[in-house]
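Below is one structure; the comments refer to it alone.
The values are calculated or read from the model by the stated rules, or taken from the named source; none is laboratory data. As the structure is a computational prediction, the values presented were derived from the model and not from experiment. Every residue, glycine among them, receives a Cβ derived from its backbone with ideal geometry; neighbour counts consider all protein chains shown.
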Amino acid sequence: MVKLDEAKDSPRTGDYIIEDNKVRLHASRCPSCGAVFYPRRNNCSADATSPLEEIALSSGGTVYTFTVARQSTPEFKTPYVLAYVDFKEDVRVLLPFDADEPPVIGAAVEIVMAAGPRITDGGLVSIPHARLQR
């Protein structure tokens, strides 16, 4: 597993914030119907309201389901795990899972920064991941 200090900062730093060593993803919420979207968007797909409010999701959630990818492009070392995480803000987000073994469905996870794909210069980039809550 690659250590975070070997990775560069994420090129999409606007997608998350780090407060008190906790990673929180930026999302959108419809002020009319309350629907929450990640990644952020400009219009609500439930009732077409625009603009949407920007919110920060909780720093963790629970695993809804996961998959183990065994084939990929050269940027991603296989196998790797992707997990759908349910947040208390009533949104489900697909995230890479930061562990050598898959999670258990229903497990509590926290959002952390970990090494992601390789970028064009061959270096690694750090991106938000789900990890079992400690």
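Worth pointing out:
- Inside region 43-76, residues that are surrounded by fewer than 13 Cβ atoms within 10 Å (Cβ to Cβ) and under 25 Å from A108 (Cα atoms) make up a count of 4.
- Restricting attention to region 17-40, the residues that are in a loop (DSSP other than H, G, I, E, B) and either among the charged types (D, E, K, R) or surrounded by fewer than 19 Cβ atoms within 10 Å (Cβ to Cβ) (or both) total 9.
- Residues satisfying the stated conditions in region 44-72, i.e. in a loop (DSSP other than H, G, I, E, B), in contact with a Pro (Cβ under 8 Å, 6 or more places away or on another chain) and without any contact (Cβ under 8 Å) to a residue 24 or more places away in the chain: T49, R70
- Restricting region 83-101 to residues that are among the aliphatic types (A, V, I, L, M) and modelled with pLDDT of 95 or more, the residue that is farthest from G123 (Cα to Cα) is V91.
Matching residues to (1) part of a strand (DSSP E or B); (2) out of contact with any Ser or Thr (no Cβ under 9 Å at 6 or more places or on another chain):
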{"residue": "F76", "(1), (2)": "no, yes"}
{"residue": "V85", "(1), (2)": "yes, no"}
{"residue": "E89", "(1), (2)": "no, no"}
{"residue": "V93", "(1), (2)": "yes, yes"}
{"residue": "P103", "(1), (2)": "no, yes"}
{"residue": "V109", "(1), (2)": "yes, no"}
{"residue": "G116", "(1), (2)": "yes, no"}
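- Filter pass, T49 being modelled with pLDDT of 95 or more, more than 17 Å from V112 (Cα to Cα) and among the hydroxyl-bearing types (S, T, Y): yes
- Enumeration of residues in region 118-133 that are more than 11 Å from the chain's Cα centre (by Cα), part of a strand (DSSP E or B) and either modelled with pLDDT of 95 or more or of a type outside the set (A, V, I, L, M, F, W, C) (or both): R118, S126, L132
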